[in-house]
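One structure is given below, encoded as structure tokens.
All of the numbers you see were taken from the coordinates with simple rules; none came from a lab. No experiment lies behind these values; they were computed from the predicted model shown. Virtual Cβ from ideal backbone geometry, glycine too; neighbours counted across all protein chains shown.
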Amino acid sequence: MSKQAAEKQNIDPFKPYKGRFESYHSIPKKGRDQEDIFKELSTMAEEENAKWKTGQVSGTFYHAGDAHRAFLNKIFSLFSHENTIQFDLCPSMFKMESEIISMAAKMLNGDAVKDNNPEDEVCGTITSGGTESIMMAMKAYRDQAKVEKGIKYPEIIMPHTGHPAFDKSEEYFGIKMVHIPVSAPDFLVDPAAAESRINKNTVAIVGSAGNYPYGLIDPLDKLSDIALKYKIGVHVDGCLGGFIFPWIEKLGYDIPTFDFRLPGLTSMSADTHKYGFALKGTSVVLYRNNNLRRYQYFNVPDWPGGMYASPTAAGSRSGGLTAATWAAMVYLGEEGYLKAAKSIMTVADSIKKGIEEIAELALIGKPTFVISFRSDDVDIFHVNDFMKTKGWRFNVLQLPPALHFCVTMPQTFVPDIAERFIEDLQAGVEYAKSKAGTVAETTALYGLAGTIEGNQQVTELVFGFFDYLYSV
Ligand SMILES: *Cc1c(COP(=O)(O)O)cnc(C)c1O
């Protein structure tokens, strides 16, 4: 159903199935027919698939096509009931996880660490996603600093563009995150500003490859040098770029060094469930050496339930996800990843070129596969309002207002997607001109944050929205 048709019938776009399908407040007395359930859920899945199949949705859906997804689902079903932490009953799990880690480490030039210290060897764990990978690394730095340096109140320096998972680590683990602002023209973190915030409690610096707002790679070489000078760690957040930058680089694009070739880099997160093209629910966190990884592990030796140990935040995890991730990597191979990166960059390059030719718009930094842009001439949020009516879904950026489009495989399956993108964008700029002086719909959502009061208001609204979503 189109958004307009839904609105006409007064259907809430966040609860479009209300009234169409049974809502369950409690477990049904009598179970339902399997076929019937399958039919109902297929309807939902198909309607939701229709949204990204147009190629008009930024990011979000990272997979390499229907056949690829069907293959992973088949693999998933073999191990869906297995538990990764039952290493005695399910030995295939650690076989596959150790190999995923090794393959990711090699892809990110893990062998280079031996040049600096022959005893180092990149290692890691599999987690449930980028957030957990980041949080595990932050915990490792906190605990290492406590044990090895006696630091009680650890601080970590991060660019303001770093992912909120770092701030989640502050809230969950009591690590102080020191934000360094980024600004025009390059929107990258200023290494001198980061260095100026180092004190005796600083345990690590964070940089992104690339960051979520702009897809840009921070000046990681400089951050690496600073970290070596002060003997602190560097975490590179490669959740988004970790599985695509290696191939973009191999294709000949000139991008900054972002991986274990940097001598100061001590940990890195890279999401298999983004450009690794695995199923949602897996990510890799890598460490320069096992000494640091050890601070991530957890164990209760004297629990009445037996010896309990787990390497990550999660307890049980589905073996299906591990197997599907392993299968995705082995099935695609270097050749498959290179091919995917090439198709993605072909679309992204056309979009970039088109935006550069629109006088009112300015690209942010030197984009690769995430293309972010802003405007000094029109309200970019008016442009977003217009693009929405054409079926496009951008990611809305704030402080400063901007939009981004993250190119994934679904775009590469739609011919002429870049041409249509630019055509609609040009019309969007004209629309924004005609609306000058009025408040955009997008502004109503994004205009509040940035002040203490505004931030509190936004949080109140968002939490209320969660409450609403969780109501049956
Ligand atoms: C997606 C992403 C993450 C982690 O997100 P998850 O949703 O937890 O996988 C971290 N950093 C960046 C830059 C990302 O794009």
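In sequence order, the stretch 307-317 has phi-based couplings of 6, 10, 9, 8, x, 10, 5, 5, x, 5, 9 Hz under the Karplus curve 6.51 cos²θ - 1.76 cosθ + 1.60, θ = phi - 60°, and Gly or Pro positions carry x. Under the rule a/c < 1.5 gives rounded, and otherwise a/b versus b/c splits prolate from oblate, where does the stretch 214-316 land using the Cα gyration tensor? Oblate, since a/c reaches 1.5 and b/c is not below a/b. Placing dummy labels 7 Å off each Cα toward the beta-carbon, the span from residue 388 to residue 24 is 3.3 nm.
Name the residue from 163, 304, 191 whose Cα lies farthest towards the positive end of the charge dipole of the stretch 91-327, charges +1 on Cβ of Lys and Arg and -1 on Cβ of Asp and Glu. Checked the options; the winner is 304.
Phi-derived couplings, Karplus 6.51 cos²θ - 1.76 cosθ + 1.60 at θ = phi - 60°, listed residue by residue for the stretch 241-250: x, x, 9, 10, 4, x, 7, 4, 5, 4 Hz, with x used for Gly and Pro.
Remark: the Cα gyration tensor places the stretch 91-327 in the oblate category, a/c being 1.5 or greater and a/b not exceeding b/c. Residues 103, 136, 307, 93 in ascending order of nearby Cβ atoms (within 10 Å, fewest first): 307, 103, 93, 136. Tally Lys and Arg at +1 and Asp and Glu at -1 over the other residues with C-beta under 12 Å from the C-beta of residue 375: what net charge comes out? With Lys, Arg at +1 and Asp, Glu at -1, the net is -2. Amide H contacts of residue 202: 155, each under 5 Å away and 5 or more positions distant or on a separate chain (H built 1.01 Å from N in the peptide plane; Pro and chain starts excluded).
Counting only the Cα atoms, the chain fills a convex hull of 181 Å³ per residue.
For residue 408, the residues 5 or more places off, or on other chains, whose built amide H falls under 5 Å of its own are 59.
When you count, for each residue, the other Cβ atoms within 10 Å and take the mean per peptide, how do 230-239, 365-374, 383-392 rank with the highest first?
Working: 230-239: 24.2, 365-374: 22.7, 383-392: 19.5.
Descending mean neighbour count gives 230-239, 365-374, 383-392.
Computed from backbone phi, the HN-Hα couplings of the stretch 442-447 come to 4, 5, 4, 7, 10, x Hz, rounded to whole numbers (Karplus: 6.51 cos²θ - 1.76 cosθ + 1.60, θ = phi - 60°; Gly and Pro given as x).
First select every other residue whose beta carbon is under 13 angstrom from the beta carbon of residue 416; then total the charges, Lys and Arg +1, Asp and Glu -1. Spell out each step's value before the answer.
On the way: positive: 420; negative: 419, 423, 424.
Here the charged neighbours net out to -2.
Cβ crowding within 10 Å, taken as a proxy for footprinting-reagent exposure, orders 251, 188 from fewest neighbours to most as 251, 188. Around the amide H of residue 208, modelled in the peptide plane, lie the amide H atoms of 218, 237, all under 5 Å away and 5 or more residues distant in sequence or on another chain. Within the stretch 81-202, the ratio Rg/Rh, alpha carbon atoms throughout and Rh by Kirkwood, equals 1.04.
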